Amino acid sequence: MRVRGNRFFDRSLLVLVSVTSLASCADQRSYVGIPIATADMKLRPCARGQQDPVQCYKNLPLGTLANQARIGGKQAQLELGIRFEKGRGVCKDRDTALALYALAAKDTPRKLTTFIPDGGSMRAETTSVGVEKGLPEAEKRLRELRANHFVLIYPVDSPCRPANRGKK
């Protein structure tokens, strides 16, 4: 004998799963409020050996930089933090700068994911392959920014003023 579930519950669960899926897709199109276009999703815009990575990240377009920070690039997180601290290309935002500096300063485990064929499907195995060290420059900036409390004062018509954000 088959027990039927509650139809309202089943539909509600389906709607909840759909909304959650859409939200997770939407999150990948922006990072810290910066839109990321498909063209910004280069895997390694600052390849090793091509040029000084610090200079390369300083010259990246904002969307590409945000994408690199989103996927865990420490130098990109540092540069994006600097841009938020200084207000270069984005509105000054101390909290976002602090968060980005903290990410760039933190040691993070490096993982390698291998996809293995498994009877018509694929399964993923993740292996730890070391630790990516945090950046000393990010740690220094994090300490300095935490020590220097400041208040941002914007002109009344500034698009960066919290009351005006999103208005045209």
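The values are calculated or read from the model by the stated rules, or taken from the named source; none is laboratory data. Please read these numbers as outputs of a predicted model, since none were measured by experiment. Using ideal geometry, Cβ is built from the backbone for each residue, glycine included, and neighbour counts are taken over all protein chains shown.
Numbers below:
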{"quantity": "Filtered residues of the range 34-84 (kept if of a type outside the set (D, E, K, R) and more than 23 Å from K133 (Cβ to Cβ))", "calculated": "I34, P35, I36, A37, T38, A39, M41, N59, P61, L62, G63, T64"}
{"quantity": "Those residues of the range 140-153 which are closer than 24 Å to R70 by Cβ and either more than 19 Å from the chain's Cα centre (by Cα) or exposed (fewer than 10 other Cβ atoms within 10 Å of the Cβ) (or both), in sequence order", "calculated": "K140, L145, R146"}
{"quantity": "Matching residues in the range 72-90 - criterion: being within 13 Å of V32 (Cβ to Cβ) and within 12 Å of the chain's Cα centre (by Cα)", "calculated": "A76, Q77, L80, G81"}
{"quantity": "Test result for S158, under 25 Å from P35 (Cβ atoms) and modelled with pLDDT under 90", "calculated": "yes"}
{"quantity": "Evaluation of S18 against (1) in a helix (DSSP H, G or I); (2) more than 27 Å from E144 (Cα to Cα); (3) modelled with pLDDT of 70 or more; (4) of a type outside the set (K, R) (one fails), failing number", "calculated": "(3)"}
{"quantity": "Test result for G89, touching a helix residue (DSSP H, G or I) at 6+ places or on another chain (Cβ under 8 Å), over 19 Å from Y31 (Cα atoms) and part of a loop (DSSP other than H, G, I, E, B)", "calculated": "no"}
{"quantity": "Qualifying positions in the range 49-86 - part of a helix (DSSP H, G or I) and among the aliphatic types (A, V, I, L, M)", "calculated": "V54, L62, L65, A66, A69, A76, L78, L80, I82"}
{"quantity": "Residues that are aliphatic (A, V, I, L, M) and under 12 Å from R110 (Cα atoms), drawn from the range 120-132", "calculated": "V129, V131"}
{"quantity": "Verdict on E79 being in contact (Cβ under 8 Å) with a residue 40 or more places away in the chain and acidic (D, E)", "calculated": "no"}
{"quantity": "Among the candidates E132, E137, E125, residue that is out of contact with any Asp or Glu (no Cβ under 8 Å at 6 or more places or on another chain), surrounded by 10 or more Cβ atoms within 10 Å (Cβ to Cβ) and of a type in the set (D, E)", "calculated": "E137"}
{"quantity": "Any hit, the range 92-105, residues being surrounded by fewer than 16 Cβ atoms within 10 Å (Cβ to Cβ), within 22 Å of P45 (Cα to Cα) and of a type outside the set (A, V, I, L, M)", "calculated": "no"}
{"quantity": "Qualifying positions in the range 108-154 - among the charged types (D, E, K, R) and farther than 30 Å from R94 by Cα", "calculated": "K111, D118, R123, E125"}
{"quantity": "Residue within the range 36-47 that is modelled with pLDDT under 90 and under 11 Å from the mean Cα position of the chain (by Cα) present", "calculated": "yes"}
{"quantity": "Residues (closer than 20 Å to K106 by Cα and in contact (Cβ under 8 Å) with a residue 60 or more places away in the chain) located in the range 133-156", "calculated": "G134, L135, A138, R141, L145"}
{"quantity": "Sole exception among (1) modelled with pLDDT of 90 or more; (2) aromatic (F, W, Y); (3) part of a loop (DSSP other than H, G, I, E, B) for Y101, by number", "calculated": "(3)"}
